[in-house]
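As structure tokens, the structure follows; a few thoughts come after it.
The values are calculated or read from the model by the stated rules, or taken from the named source; none is laboratory data. A quick note: this is a predicted structure, and the numbers were derived from the prediction, not measured. Note: ideal-geometry Cβ built from the backbone for every residue, glycine included; neighbour counts use all protein chains shown.
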Amino acid sequence: MGITTTPKLHTLSIGLPRTLQTVDGKEFISAICKESSTEAYLSIDGFRGDGIADTKHHGGPDRGVCIYPAEHYPYLENEFSCTLPSSTFGENLTVSGMIEDDVCIGDIFHVGEAVIQVTQGRIPCSKINKRTGLPDLMKKIVETGFTGYLCRVLEEGIVRDDSRITLMKRDPHGVSILFANEVYFHRSRDLEGLKRIAAVDALATDWQEKIAKRIMKLQSS
């Protein structure tokens, strides 16, 4: 586990909420369909020109940037016999060399002029299925742990589509996104695993609260 190849930014994408249609013509509002951009300013609140529709489940200072590994696209396209659009999962940065098994909660990266810190795995929502017309895509993402992940912004700055990504600091707890996903989605009664995740100072507040509740429930049962 750990970053073994040089990370590479493939696509920088931003977009605001708009009305979209499912394959059967039903309308929904979402910012999941983002457009490729050559550069964008990354602030504490996220990229300028980017937005979210569901503020209850998305966004906030712990979730300012969404990253998805480019390596998963060929696998998922093969699984579903399809061609997925750019930024299928509404991610801001599509990257290689940073899969969930290699990236840990709390890891700090330099991206262009900005500095970001990984805070949690991304919790997939049904809009992924609605956008693609693939009813089992979200299920497959949860099953594999190929969720992508979210980051907070530690230092603001401009990010370009050819910006370098470098690992600045590895979190000492060594809790990978893939491990956290496995515990969160598939091992809800793994008390030691939950405690390992909860011990990471950089963990997003939302996950801190959810995991603390699980730990309390298990310890009281």
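Some notes on this structure:
- From 166, 147, residue being more than 15 Å from residue 108 (Cβ to Cβ) and in contact (Cβ under 8 Å) with a residue 24 or more places away in the chain: 147
- Counting only residues that are in contact (Cβ under 8 Å) with a residue 40 or more places away in the chain, part of a helix (DSSP H, G or I) and aliphatic (A, V, I, L, M), the range 180-200 holds 2 of them.
Residues are listed down the side, and each one gets a yes or a no for (1) farther than 22 Å from residue 76 by Cα; (2) surrounded by 13 or more Cβ atoms within 10 Å (Cβ to Cβ); (3) touching a residue at least 60 places away in the same chain (Cβ under 8 Å):
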site: 124; (1), (2), (3): no, yes, no
site: 161; (1), (2), (3): yes, yes, yes
site: 170; (1), (2), (3): yes, yes, yes
site: 173; (1), (2), (3): yes, yes, yes
site: 178; (1), (2), (3): no, yes, yes
site: 202; (1), (2), (3): yes, yes, yes
site: 209; (1), (2), (3): yes, no, no
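Residues checked against (1) over 15 Å from the mean Cα position of the chain (by Cα); (2) buried (at least 24 other Cβ atoms within 10 Å of the Cβ); (3) within 21 Å of residue 15 (Cα to Cα):
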residue: 66; (1), (2), (3): no, yes, yes
residue: 70; (1), (2), (3): no, no, yes
residue: 82; (1), (2), (3): yes, no, no
residue: 92; (1), (2), (3): no, yes, yes
residue: 103; (1), (2), (3): no, yes, no
residue: 113; (1), (2), (3): yes, no, yes
residue: 129; (1), (2), (3): yes, no, yes
residue: 134; (1), (2), (3): yes, no, no
residue: 139; (1), (2), (3): yes, no, no
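A quick yes/no check of all residues on (1) out of contact with any Asp or Glu (no Cβ under 8 Å at 6 or more places or on another chain); (2) farther than 22 Å from residue 37 by Cβ; (3) modelled with pLDDT under 95; (4) not β-branched (Val, Ile, Thr):
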position: 95; (1), (2), (3), (4): yes, no, no, no
position: 100; (1), (2), (3), (4): yes, yes, no, yes
position: 104; (1), (2), (3), (4): no, yes, no, yes
position: 107; (1), (2), (3), (4): no, yes, no, yes
position: 110; (1), (2), (3), (4): yes, no, no, yes
position: 121; (1), (2), (3), (4): no, yes, no, yes
position: 126; (1), (2), (3), (4): yes, yes, yes, yes
